[in-house]
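Heads up: the structure comes next, in structure tokens.
The values are calculated or read from the model by the stated rules, or taken from the named source; none is laboratory data. Note that the structure is a prediction, hence the values are computed from the model and not measured. Quick reminder, even Gly has a Cβ in these numbers, built from the backbone with ideal geometry, and neighbours come from all protein chains shown. Just the protein is used for accessible areas: all its heavy atoms, side chains included, with ligands, DNA and RNA removed. Shrake-Rupley method; radii C 1.70, N 1.55, O 1.52, S 1.80 Å.
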Amino acid sequence: MVHSHTNVLAIANQKGGVGKTTTALNLGAALVILGKKTLVMDLDPHASATIHLAYYPENITISVLDIFLREEVDWDFLNSVIKRDKRHFFDFIPGSIKLSIVESELKEKPGKGLILKNVIAKLKEQYEYIILDCPPNFGIILINALVASTLTVIPIQAEFLALHGLKLTFDTIRMLNKVLSHAIQYKALATMFDQRVGACKRVVEVLKQNLKDRFFETIISIDTKFREASAKGEIIYNLYPNSRGAKQYLQLAREIEKMGK
Ligand SMILES: Nc1ncnc2c1ncn2[C@@H]1O[C@H](COP(=O)(O)OP(=O)(O)OP(=O)(O)O)[C@@H](O)[C@H]1O
Ligand SMILES: [Mg+2]
């Protein structure tokens, strides 16, 4: 089955520790719960998403690194790299702790920013949603992800300092938009929101006023269940399906689903 309107969601923010990986995994699972064929790809050389799902990057022989370095990517290869484990809800392409070598390996390669976009053109045959967990640092991998995305989701930790870190990410998007034929679409997501803290509420107000419809209505609260699930190598929906965090990522999945209509 060919999905003509596959949504490619790059989860990106050049500030570290803002909830990118948590968003990639839980939004991915929530979309599967809504009945969507979903693939999550770990594009971070720290391989946090891979480790979170209890895969040991040292034991993985074929990974997202091969996607970047192979000349020819066909379905035989893709079937060997995609992990399909019902416990994780979504299909998954594991990361590699060697992924940063693509920066030097591909330096001279023409079209090096379009590698992922070309592979995703093939993956679209099987998936309605493809979610890219991006690294926090700027480089070829992040560019590939932003260029391949139909929507860049920017998780923003709802605290005052987070607003300063945002500039880097917006500079990257603006820089790419100068050379791309289509502007990168983005939407920001408030994460780790603590409703007891006045400063948190003010940050959300500032974001809403500035970003308007480029700010998700859904807000992700701070919830210790995310850390507990990740420590156990599980997705929150397996362990705490009724937690606030689980419900909020489902709400986000519905909001994203509606955008496509
Ligand atoms: N809503 C939340 N409530 C509580 N803890 C959270 C929440 N979201 C994420 N965390 C925790 O915060 C830490 C950082 O989150 P995460 O790894 O998702 O961020 P990241 O942006 O991917 O980080 P990096 O830039 O290092 O890749 C993790 O320990 C995660 O479990
Ligand atoms: Mg991460």
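What is the distance in Å between the Cα centres of the range 211-227 and the range 32-91?
Going from one Cα centre to the other spans 25 Å.
Holding the Cα-Cα limit at 30 Å, pick out from Lys20/Lys232; Lys167/Lys232; Lys178/Lys208; Lys107/Lys208; Lys37/Lys247; Lys122/Lys258 the pairs that are longer than that.
Pairs exceeding the cut-off: Lys167/Lys232; Lys107/Lys208.
Kindly report the accessible area of the chain per residue (heavy atoms of protein chains, probe 1.4 Å, no ligands, DNA or RNA), in Å².
Working: 12590 Å² over 261 residues.
Value for the chain: 48 Å² per residue.
For the range 1-136, go through all pairs of different Cα atoms, get the mean of 1/r, take its inverse, and jot down that Kirkwood value in Å.
Computed over the range 1-136, the radius equals 15.1 Å.
Could you tell me which GluC sites (Glu not before Pro) in the range 160-261 are loop residues by DSSP with no more than 15 other beta carbons within 10 angstrom of their beta carbon?
Sparse-neighbourhood loop GluC sites (Glu not before Pro): Glu217.
Would you mind estimating how fast the range 181-258 diffuses translationally, via Stokes-Einstein at 25 °C and 0.890 mPa s with the Kirkwood radius over Cα pairs, in µm²/s?
Translational diffusion coefficient: 176 µm²/s.
Given springs between every Cα pair under 10 Å in a Gaussian network model of the chain, which of Gln251, Gln126, Gln157 has the largest fluctuation?
Result for the chain, Cα springs under 10 Å: Gln126 fluctuates most.
Just to be sure I understand the curve: with the Debye formula and one point per C-alpha of the range 48-118, what is log10 I(q)/I(0) at q = 0.13, 0.14, 0.21, 0.22 Å⁻¹?
-0.41, -0.47, -0.98, -1.05
Ratio of alpha-carbon Rg to the 2.2 N^0.38 Å globular estimate for the range 1-78, to two decimals, please.
With N residues counted in the range 1-78, Rg over 2.2 N^0.38 Å equals 1.22.
In Å, what Kirkwood hydrodynamic radius results for the chain from the alpha-carbon pair distances?
Values: mean 1/r = 0.0542 Å⁻¹.
Across the chain, the inverse of the average 1/r is 18.5 Å.
Once you wrap a convex hull around the alpha carbon atoms of the range 109-172, what is its projected area averaged over all directions, in nm²? Please list the in-between numbers first.
Details: hull surface 20.7 nm².
Approximately 5.2 nm², given one-decimal rounding.
For the range 107-244, just run the numbers: alpha carbon Rg, then divide by 2.2 N^0.38 Å, N being how many residues it has.
That ratio works out to 1.20.
Tell me the carbon and sulfur percent of the accessible area for the range 7-259, rounded to whole percent, probe radius 1.4 Å.
Whole-percent figure for carbon plus sulfur exposure: 52.
Which whole-number percent gives the relative contact order of the range 7-259, counting Cα pairs below 8 Å spaced six or more residues apart?
That works out to 28 percent.
Please find the FRET efficiency linking Thr61 to Leu34, where r is the Cβ-Cβ separation and R0 is fixed at 51 Å, and quote it to the nearest 0.05.
On the way: r = 33 Å, r/R0 = 0.65.
Between Thr61 and Leu34 the formula returns 0.95.
Using a Gaussian network model on the chain with a 10 Å cutoff between Cα atoms, which of Gln248, Gln14, Gln195 fluctuates the most?
Gln195
Probe 1.4 Å, all protein chains in place: accessible area of Tyr55 in Å², nearest 10?
Rounded to the nearest 10, the figure is 40 Å².
Given 0.36 nm per residue, what is the gain on full extension from Val197 to His182 after removing their alpha carbon distance, in nm?
Between Val197 and His182, full extension yields 1.5 nm more.
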